[in-house]
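Below is one structure; the comments refer to it alone.
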Amino acid sequence: MDRKVNVGLIGSQFISSIHADALRRVADAHVMAVMSPTPGNAQKFAERFNIPHHFTDLDEMLAMDELDMIVVGAPNYLHCEITLKIAKAGKHIVVEKPLCMNLQEADLMIEACKEANVKLMYAEELCFTPKYVRLKALLDEGALGKPVLLKQSEKHDGPHSDHFWDVERSGGGVTMDMGCHGIQFFRWLNPGHKITSVYAQMNTSVHTDKTIGDDNAIVILEFENGVTAMMEESWCKLGGMDDRAEVHGTEGVAYADVLQGNSIQTYSTKGVGYAVEKAGNTVGWSYTMYEENWNYGFPQEFEHFVDCVKNDKTPLVTGQDGKAVLEVIYAAYESAGTGKKISLPFKPKVDKPYKGWKKKA
């Protein structure tokens, strides 16, 4: 392709604003259109990001022959339906995590994209987060020896949008929302080795008035090469986003803190206008971020996806990765529901992950 990649966005809320900001930093990308079914939202979003076309109807946006790639920032339960439509329209696809609601949907999406000869790219930004990329490089060069224990945690005080609280639309709680990050992060750090077992503990400890989903979770994974990985996910941590990782090896250890480690330590008696994602009260001490989206890795992620479309390359993270992550999520909810370690491969008997924990048919 000897021109810029023309991009359409689906969604007009928090994650789509990150997508739009990231894409305008990518030289080979041109965001041409945005679609949201809520009247007025797409127009406001288009005006905010200087996007020339806006739609309330997906089919109308997909009818634009100029579009090469569509980014799906819709609620989880719509991912499959939307992806099938995009694939039929012959456009490449980036799907925000999690890939979809269940493994059957994942298979439909993967097959539809294969038949349409379009790329299905899975938006997992931790594989592009600069500090984590450097962490992986340390491991890959042998500086830490062989990996023994991998850890990752992501914590804040709860999601931006109401649909995350509704397990029927989201599929689960914090493990479905944020656990998918840790799982793919571990698979990326320890490539070529299958996850053999999952053990999880979950509870709804703070947000009982909003959800029956989990708002705290600890998940332990075992890999076939003996590596153990542990992730902690929480919607109960006040004071803004916290995202960090550790790699313990036979020859060393490395700690990476994505946000607090890159922040400006700030004290204010009035509070800061904006400090960091999901920071509530900023009176007193807070950690104030700069270039937040870059530190997360969103521009780097979209530069990669655009390059894959423009130059017909294989994406670092694909629909197959999204499906593998979803299988582990299902096993985690099953483990939390039974109190047992769950072996992989795992074939769930429920249509939404949270039902394995709540034991609902």
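The values are calculated or read from the model by the stated rules, or taken from the named source; none is laboratory data. In this text, all values refer to a predicted model and were calculated from it rather than measured experimentally. Methodologically, a virtual Cβ is constructed for each residue, glycine included, from the backbone with ideal geometry; neighbour enumeration extends over all protein chains shown. Side chains included, ligands, DNA and RNA excluded: accessible areas come from the protein's heavy atoms. Shrake-Rupley method; radii C 1.70, N 1.55, O 1.52, S 1.80 Å.
On the given criteria, is GLU81 acidic (Asp, Glu) and either buried (at least 23 other Cβ atoms within 10 Å of the Cβ) or in contact (Cβ under 8 Å) with a residue 12 or more places away in the chain (or both)?
Numbers: acidic (Asp, Glu): yes; either buried (at least 23 other Cβ atoms within 10 Å of the Cβ) or in contact (Cβ under 8 Å) with a residue 12 or more places away in the chain (or both): no.
In short, no.
Check LEU326, LEU344, LEU316 and return the single one that is over 25 Å from GLY73 (Cα atoms), in contact (Cβ under 8 Å) with a residue 12 or more places away in the chain and not small (Gly, Ala, Ser).
Working: LEU326 fails: over 25 Å from GLY73 (Cα atoms); LEU316 fails: over 25 Å from GLY73 (Cα atoms).
Sole residue among the options that is over 25 Å from GLY73 (Cα atoms), in contact (Cβ under 8 Å) with a residue 12 or more places away in the chain and not small (Gly, Ala, Ser): LEU344.
If I filter the range 146-162 down to residues being farther than 24 Å from ILE195 by Cβ and open to solvent by 30 Å² or more (accessible area, probe 1.4 Å), which single residue comes out as modelled with the highest pLDDT?
First, pick out the residues of the range 146-162 that are farther than 24 Å from ILE195 by Cβ: 156-162.
In the following step, the residues that additionally are open to solvent by 30 Å² or more (accessible area, probe 1.4 Å) were identified as 157, 160, 162.
On the way: ASP157: 94, HIS160: 82, ASP162: 91.
Among those residues, the one meeting the criterion is ASP157.
Would you point out which residue out of ASP21, ASP2, ASP28 is of a type in the set (Asp, Glu), at pLDDT 95 or above and either in contact with a strand residue (DSSP E or B) (Cβ under 6 Å, 6 or more places away or on another chain) or within 23 Å of ASP312 (Cα to Cα) (or both)? Quick ask: steps written out before the conclusion?
On the way: ASP21 fails: either in contact with a strand residue (DSSP E or B) (Cβ under 6 Å, 6 or more places away or on another chain) or within 23 Å of ASP312 (Cα to Cα) (or both); ASP2 fails: at pLDDT 95 or above.
Unique residue meeting the criteria: ASP28.
Which of the residues spanning the range 278-293 are surrounded by fewer than 18 Cβ atoms within 10 Å (Cβ to Cβ) and either in contact with a Phe, Trp or Tyr (Cβ under 6 Å, 6 or more places away or on another chain) or under 30 Å from ASP28 (Cα atoms) (or both)? Spell out how you get there, then give the answer.
Of all residues in the range 278-293, those surrounded by fewer than 18 Cβ atoms within 10 Å (Cβ to Cβ) come to 280-281, 283-285, 290-291.
If the condition is that a residue be surrounded by fewer than 18 Cβ atoms within 10 Å (Cβ to Cβ) and either in contact with a Phe, Trp or Tyr (Cβ under 6 Å, 6 or more places away or on another chain) or under 30 Å from ASP28 (Cα atoms) (or both), then TRP285, TYR290, GLU291 are the ones that fit.
Taking ILE15, is it surrounded by 17 or more Cβ atoms within 10 Å (Cβ to Cβ) and either of a type in the set (D, E, K, R) or assigned to a loop (DSSP other than H, G, I, E, B) (or both)? Break it down stepwise before answering.
Values: surrounded by 17 or more Cβ atoms within 10 Å (Cβ to Cβ): yes; either of a type in the set (D, E, K, R) or assigned to a loop (DSSP other than H, G, I, E, B) (or both): no.
No; evaluated as a whole, the condition is false for this residue.
For PRO191, which of the numbered conditions (1) in contact (Cβ under 8 Å) with a residue 12 or more places away in the chain; (2) closer than 22 Å to GLU125 by Cα; (3) open to solvent by 50 Å² or more (accessible area, probe 1.4 Å) fails to hold?
(1)
For LYS237, state whether it is touching an Asp or Glu at 6+ places or on another chain (Cβ under 7 Å), under 23 Å from GLY297 (Cα atoms), at pLDDT 90 or above and surrounded by fewer than 21 Cβ atoms within 10 Å (Cβ to Cβ). So that I can check it myself, show each step before the final result.
Numbers: touching an Asp or Glu at 6+ places or on another chain (Cβ under 7 Å): yes; under 23 Å from GLY297 (Cα atoms): yes; at pLDDT 90 or above: yes; surrounded by fewer than 21 Cβ atoms within 10 Å (Cβ to Cβ): yes.
Yes, satisfied.
With respect to HIS181, is the statement that it is open to solvent by less than 10 Å² (accessible area, probe 1.4 Å), within 17 Å of the chain's Cα centre (by Cα) and farther than 19 Å from CYS80 by Cα true?
Working: open to solvent by less than 10 Å² (accessible area, probe 1.4 Å): yes; within 17 Å of the chain's Cα centre (by Cα): yes; farther than 19 Å from CYS80 by Cα: yes.
Considered against the rule, which asks whether it is open to solvent by less than 10 Å² (accessible area, probe 1.4 Å), within 17 Å of the chain's Cα centre (by Cα) and farther than 19 Å from CYS80 by Cα, HIS181 comes out as yes.
Need pairs with beta-carbon distance below 7 Å; first residue open to solvent by less than 30 Å² (accessible area, probe 1.4 Å) and within the range 131-142, second small (Gly, Ala, Ser); sequence gap 6+ or separate chains.
Listed pairs, sorted by first residue: TYR132/ALA245; TYR132/ALA256; LEU135/ALA245; LEU135/ALA254; LEU135/ALA256; LEU139/GLY249.
Residues in the range 246-265 that are touching a residue at least 60 places away in the same chain (Cβ under 8 Å) and either among the small types (Gly, Ala, Ser) or under 21 Å from ASP140 (Cβ atoms) (or both): how many?
Residues of the range 246-265 touching a residue at least 60 places away in the same chain (Cβ under 8 Å): 246-254, 256-258, 261-262.
Now restrict to residues that are either among the small types (Gly, Ala, Ser) or under 21 Å from ASP140 (Cβ atoms) (or both): 246-254, 256-258, 261.
The total comes to 13.
For the range 267-277, name all the residues that are open to solvent by 30 Å² or more (accessible area, probe 1.4 Å) and either of a type outside the set (Gly, Ala, Ser) or in contact with a helix residue (DSSP H, G or I) (Cβ under 6 Å, 6 or more places away or on another chain) (or both). Give the steps one after another, and end with the answer.
As a first pass, look at the range 267-277 and keep what is open to solvent by 30 Å² or more (accessible area, probe 1.4 Å): 267, 269-270, 272-274.
Listed by number, the residues that qualify are TYR267, THR269, LYS270, VAL272, TYR274.
Looking at the range 211-245, which of its residues are touching a residue at least 60 places away in the same chain (Cβ under 8 Å), under 27 Å from LYS358 (Cβ atoms) and not in a strand (DSSP E or B)?
Once the filter is applied, which keeps residues that are touching a residue at least 60 places away in the same chain (Cβ under 8 Å), under 27 Å from LYS358 (Cβ atoms) and not in a strand (DSSP E or B), the range 211-245 yields ILE212, GLY213, ASP214, TRP235, CYS236, LYS237, LEU238.
Checking the conditions here, which among VAL253, VAL306, VAL272 is in contact with a Ser or Thr (Cβ under 8 Å, 6 or more places away or on another chain), farther than 29 Å from PRO345 by Cβ and of a type in the set (Val, Ile, Thr)? Show your work before the answer.
Working: VAL253 fails: in contact with a Ser or Thr (Cβ under 8 Å, 6 or more places away or on another chain); VAL306 fails: in contact with a Ser or Thr (Cβ under 8 Å, 6 or more places away or on another chain).
Result: VAL272 is the single residue among VAL253, VAL306, VAL272 that is in contact with a Ser or Thr (Cβ under 8 Å, 6 or more places away or on another chain), farther than 29 Å from PRO345 by Cβ and of a type in the set (Val, Ile, Thr).
Among all residue pairs at least 6 apart or on different chains, which show Cβ distances below 7 Å where the first residue, located in the range 347-361, is under 17 Å from CYS100 (Cβ atoms) and modelled with pLDDT of 95 or more and the second is in a loop (DSSP other than H, G, I, E, B) and β-branched (Val, Ile, Thr)?
These pairs meet every condition: GLY356/VAL350.
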